[in-house]
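Shown next, in structure tokens, is the structure this report addresses.
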Amino acid sequence: MENIKFSTEGKTTFYLSFALGILILISFLLTKNEVLLTVGFYYVLSAAVINVIVFFYEFISFITNLTDNKPHGNSAVLMLLNIPVSIIYFLAVINSCNL
């Protein structure tokens, strides 16, 4: 079984988006500081835009590059994993705020 390969751009974007999201979420859950709620909201908006741009870059690279397209396809799928993670973060914040 060989290792799954990802493009550098997709992997870096995924890890940064995931790590910053976790950092903001845990900070908010521990402190209940409403400033972090606002920061998290704007972070989600900006991360969504960046992730969509990277997803389309990876997807277009996957479709157009026939010789070495596997890492770009894997990275496109990796970028899609941010969607359920964001939903879980959202539900955690909603439950912690008792909304």
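Since every read-out is calculated from the coordinates, none of them should be taken as a lab result. Since we're looking at a predicted model, the values are computed, not measured. No Cβ is skipped: glycine too gets one built from the backbone with ideal geometry, and neighbour counts run over all protein chains shown.
A few remarks follow.
- Dipole size of segment 1-87 about its Cα centre, with +1 on Lys/Arg Cβ and -1 on Asp/Glu Cβ: approximately 120 debye, rounded to the nearest 20.
- Taking other residues whose beta carbon is less than 12 angstrom from the beta carbon of Lys11, and scoring Lys, Arg as +1 and Asp, Glu as -1, yields -1.
- Against the set [x] 1.32; [y] 1.25; [z] 1.37, the structure's computed Cα Rg over 2.2 N^0.38 Å falls on [y].
- Taking a straight Cα-Cα cut-off under 12 Å and skipping sequence neighbours fewer than 8 places away in the same chain, the aspartates and glutamates within cross-link reach of Lys5 are Asp68.
- When both segment 1-51 and segment 54-99 are represented by their alpha-carbon centers, they are found 11 Å apart.
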